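Please read the structure below before turning to the comments.
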Amino acid sequence: MLKNVIDALVNKLYDTPYSEVSISELCRVANISRMTFYRHFNSKDEVIESYLEALHQAFIKEVVQKNRFASYIQYENMLLGLQNVKENSRYVEYIVKNNMGEILLHKLIEHELSLSLRSQHTEEDQYLSIAYASAIYGVVVNWVREGMTTSPEWLAHFLTDLYQDKIKRY
């Protein structure tokens, strides 16, 4: 059901700004009732958050299957994350285009903090994780706005090299 609702939202965003998409219209396009919508979501923002969470959980599952530490601070994981963004570029483009980047930033910070601070709990580590997640967000938003012409491999190296001190701690 999440896929139907997010697809309906993205399809509406082709020709309608996010702020003008009503829940009723979203339900009509998704072919669900308002009651069904509200049984699963409280708002349109929550649809986006749920979608980003589903993408993150798929990322974590793939990382765990490969027996890697589940943080973006490792090159392989950063590359996987950027490849997932590219594979889902249509959705990410509409999140950025419709000024919903705050949701994406919040999720990146939340995920990086939950992943990288499992063993480190200092205030410095927390702020470093927030700075790193914010850097990822800024680079991803710019990458999307520029048409994703830079390779995910180059960006993954750039971002992981940016925080080598942090990487050495883990």
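The values are calculated or read from the model by the stated rules, or taken from the named source; none is laboratory data. Predicted model, so just to flag it, every value in this text is computed and none were measured. Cβ placement follows ideal geometry from the backbone for every residue including glycine, while neighbour counts extend to all protein chains displayed. Keep in mind that these areas ignore ligands, DNA and RNA; they rest on the heavy atoms of the full protein, side chains included. Shrake-Rupley method; radii C 1.70, N 1.55, O 1.52, S 1.80 Å.
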Label assignment, percent of Cα pairs over 25 Å apart derived from the structure, set [x] 36; [y] 30; [z] 51 | [x]
When all protein chains stay in place, what accessible area (Å², nearest 10, 1.4 Å probe) is found for T122?
-> 70
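What does the extension gain come out to for E76 and N4, with contour length at 0.36 nm per residue minus their alpha carbon separation? Could you put the intermediate results ahead of the total?
On the way: separation 72, 0.36 × 72 = 25.92 nm, distance 3.08 nm.
Using 0.36 nm per residue and subtracting the Cα-Cα distance, I get 22.8 nm.
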According to the square roots a ≥ b ≥ c of the eigenvalues of the Cα gyration tensor, what is the shape class of segment 123-168, taking rounded for a/c under 1.5, prolate for a/b larger than b/c otherwise, and oblate for the remainder?
-> oblate
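Roughly speaking, what is the stretch gain from E146 to H40, that is 0.36 nm per residue apart minus the C-alpha to C-alpha distance, in nm to one decimal? Show your work: numbers first, answer last.
Details: separation 106, 0.36 × 106 = 38.16 nm, distance 3.43 nm.
So the chain would gain 34.7 nm between E146 and H40.
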How far, in degrees from 0 to 90, does helix 2-13 lean away from the longest principal axis of the Cα atoms of the chain, to the nearest 10?
-> 80
Tell me, what HN-Hα J-couplings in whole Hz come from the Karplus equation 6.51 cos²θ - 1.76 cosθ + 1.60 at θ = phi - 60° for each residue of segment 131-146, using x for Gly and Pro?
-> 4, 5, 4, 5, 5, 4, 4, x, 5, 5, 4, 5, 4, 5, 4, 8
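What accessible area per residue comes out for the chain, rounded to a whole number of Å², with a 1.4 Å probe?
53
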Folded to 0 to 90 degrees: helix 75-87 orientation relative to the chain principal axis, Cα | 20
Once you put a point 7 Å from the Cα of I23 and another 7 Å from the Cα of I130, both along the Cβ direction, what distance in nm separates them?
-> 3.2
Among A133, L105, S22, whose Cα sits farthest toward the positive end of the charge dipole of the chain (+1 at Cβ of Lys/Arg, -1 at Cβ of Asp/Glu, about the Cα centre)?
-> S22
Report, to the nearest 10°, how far helix 101-116 tilts away from the longest principal axis of the Cα atoms in the chain, using its own Cα long axis and a range of 0 to 90°.
-> 40
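For the chain, what is the mean residue ellipticity at 222 nm derived from helices alone (per DSSP H run of n ≥ 4: -39500 (n - 2.57); sum divided by total residues; nearest 500 deg cm²/dmol)?
Numbers: 10 runs with 127 residues, N = 170.
The per-residue figure over the chain is -23500 deg cm²/dmol.
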Can you give me the Cα centroid spacing of segment 76-90 and segment 31-45 in angstrom?
-> 28
³J(HN,Hα), Karplus 6.51/-1.76/1.60, whole Hz, each residue of segment 28-44, x for Gly, Pro | 4, 5, 7, 6, 9, 7, 4, 4, 5, 4, 6, 5, 10, 9, 9, 6, 5
Dipole magnitude (debye, nearest 20) for segment 45-112, charges at Cβ of Lys, Arg, Asp, Glu | 320
Could you give the size of the charge dipole of the chain about its Cα centre, using +1 on the Cβ of each K and R and -1 on the Cβ of each D and E, expressed in debye and rounded to the nearest 20?
-> 460
